[in-house]
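Comments concern the structure below.
Bear in mind these aren't lab numbers, they're just calculated from the coordinates by the rules spelled out. Just so it is clear, the model here is predicted, and its values are computed rather than measured. Reconstructed Cβ throughout: ideal geometry from the backbone, glycine too, with neighbour counts over all protein chains shown.
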Amino acid sequence: EGRAVLLELRLGTITVASTQKLTNLASANGNAIFGIASDASIVRLTPAGDWSYKPPQPARSIFPQPDGALLISVGSGAQTRLVKVFPPDRKVLEDIPFPVATQTVRTELGDRLYLAVDSGLAVLRTRTMDWGATIRLPEPIVVMAASPSGDRVFALTASRRQIAIIDRFRE
């Protein structure tokens with residue numbers, strides 16, 4: 001039903017972590033779970049307690065980082081931005097333009113965010129918040145996934161006849 005439930009495998013317990021309906025549930029570590037509430041605010045659920053944040057514009061997607069930071073896509077269309085906060089602080093640390101993406105993939109290391117855009121694959125280095133060169137592909141991406149190490153991203157293009165393999169070291 002869209003409610004966040006905490007399944008604690010070590011203790012063998014199940015707890016309703018939130019009675020709010022949340023979407024886009026995401027976590028970088030399994031301990032802090034982030035979601036977007038119906039009012040487009042961000043909710044963080046942890047065993048120690050909840051935290052919420054109302055970004056400057058409605059939240060569209062969230063990307064928790066291993067260092068505890070949270071990247072939030074806000075706005076829409078050409079006005080889409082990516083803001084960085086470090087919960088529980090609500091101060092915006094960075095705010096950069098963010099392209100409209102049909103899909104996003106974060107590497108397990110959390111140091112890259114790959115975005116399927118109309119011209120190919122855009123790459124954001126999340127630690128420095130700077131953009132790598134866009135990787136051009138002949139067709140739109142329909143499915144993509146990062147390898148467990150984060151060294152490669154696999155992208156299936158629209159014709160479903162070709163898988164593009166993007167090596168992070170050579171881009």
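Laid out as a table, the results:
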item: Cleavage-rule hits, trypsin sites (Lys or Arg not before Pro), the stretch 21-80, DSSP coil, Cβ neighbours within 10 Å at most 14; result: none
item: Distance between the stretch 38-77 and the stretch 131-156 - C-alpha centres, whole angstrom; result: 24
item: Rough spin-label spacing in nm, given labels placed 7 Å along Cα→Cβ, for Q162 and R136; result: 1.3
item: Using alpha carbons only: equivalent-ellipsoid semi-axes of the chain, gyration tensor based, whole Å; result: 29, 19, 15
item: Å³ per residue enclosed by the Cα convex hull of the stretch 100-171; result: 77
